[in-house]
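The values are calculated or read from the model by the stated rules, or taken from the named source; none is laboratory data. What you are looking at is a predicted structure, and each value in this text was computed from that prediction instead of being measured. Every residue, glycine among them, receives a Cβ derived from its backbone with ideal geometry; neighbour counts consider all protein chains shown.
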Amino acid sequence: MRLFVGIFPDSDLRAYFRDVRQKLSKFKRNFKFVRIDQIHLTIKFLGSNIDPSIYKMYKDRLAELASNQKVFSYKVLGVRFGFKAKVRPRVLFGHISENKDLNELTKIATLASKGLGSRNIVSRKDRKKLIHHFTLARTKSHTSRSFARDVREYTKKIATPESDGMAENIVIVQSKLTPKGPIYKLLDKIPLQK
């Protein structure tokens, strides 16, 4: 199983991302947009070939380690096209401000993966500097610098969401890759403390 741990946006943020998608419709021929119900923030990619027995051990360990984590809010700072230093960006995303609760959940998700006795599970931190974000679209192919500049200028005009997002649970999702895009299946939802 191909698995990741993540957070799905609440209904207010989903509505915001739906509006963003409509505002960017003039660029849609160059983008492959993520389905609204599949937009998520990845906390930890677990791996592409996770055995069900390893998954169960991971899920139990994650639930135990996350049991003291409280519901928290996070702020979406707006929409960006491309990460820093990318001359020809590929990803359109909802940028999230630095958040200690989100960083703590990322550490917990990584810690839960250590020592499970499987080479298939990714037990290291994904990157030195993880940039938490909601992927909204990817370019269909390489684009010109002028396209990147136009999209970046356009996204600056898009307002930030009126309210912060709320993380009430973390989810473990199976991701099946297909030629038409990934298909997600929610396997488990781990509630955070109220």
*Might you check whether a residue that is among the small types (Gly, Ala, Ser) and over 18 Å from residue 171 (Cβ atoms) occurs anywhere in the range 24-31?*
yes
*asked:* Could you tell me how many of the residues in the range 32-48 are at pLDDT 95 or above and among the aromatic types (Phe, Trp, Tyr)?
replied: 0
*Quick one: how many residues across the range 58-99 are of a type in the set (Val, Ile, Thr), surrounded by 13 or more Cβ atoms within 10 Å (Cβ to Cβ) and more than 16 Å from residue 20 (Cβ to Cβ)?*
1
_I'd like to check something: does the range 9-24 contain any residue that is in contact with a helix residue (DSSP H, G or I) (Cβ under 8 Å, 6 or more places away or on another chain), at pLDDT 95 or above and among the aromatic types (Phe, Trp, Tyr)?_
yes
*Pairs, please: C-beta under 7 Å, at least 6 apart or cross-chain, first residue among the small types (Gly, Ala, Ser) and in the range 36-61, second surrounded by fewer than 19 Cβ atoms within 10 Å (Cβ to Cβ) and modelled with pLDDT under 95?*
47/120; 47/122; 48/2
*Of the numbered conditions (1) surrounded by fewer than 18 Cβ atoms within 10 Å (Cβ to Cβ); (2) β-branched (Val, Ile, Thr); (3) at pLDDT 90 or above, residue 106 fails exactly one; give the number of that condition.*
(1)
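Just for the range 22-69: of the residues that are among the hydrophobic types (A, V, I, L, M, F, W, C) and in a helix (DSSP H, G or I), which one is farthest from residue 1 (Cα to Cα)?
Filtering the range 22-69 for residues among the hydrophobic types (A, V, I, L, M, F, W, C) gives 24, 27, 31, 33-34, 36, 39, 41, 43, 45-46, 50, 54, 57, 62-63, 65-66.
Keeping just the survivors that are in a helix (DSSP H, G or I) gives 27, 36, 54, 57, 62-63, 65.
Working: 27: 34, 36: 23, 54: 10, 57: 14, 62: 17, 63: 19, 65: 22 Å.
Among them, the one singled out is 27.
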*Return the total of residues in the range 146-194 being touching a strand residue (DSSP E or B) at 6+ places or on another chain (Cβ under 7 Å) and surrounded by fewer than 12 Cβ atoms within 10 Å (Cβ to Cβ).*
4
*Condition check for residue 33: over 16 Å from residue 109 (Cβ atoms) and touching a Leu at 6+ places or on another chain (Cβ under 6 Å)*: no
*So is residue 128 more than 26 Å from residue 84 (Cβ to Cβ), loosely packed, with under 11 Cβ neighbours inside 10 Å and modelled with pLDDT under 85 or not?*
no
*Taking the options 151, 171, name whichever one is among the hydrophobic types (A, V, I, L, M, F, W, C), in a helix (DSSP H, G or I) and touching a residue at least 40 places away in the same chain (Cβ under 8 Å).*
151
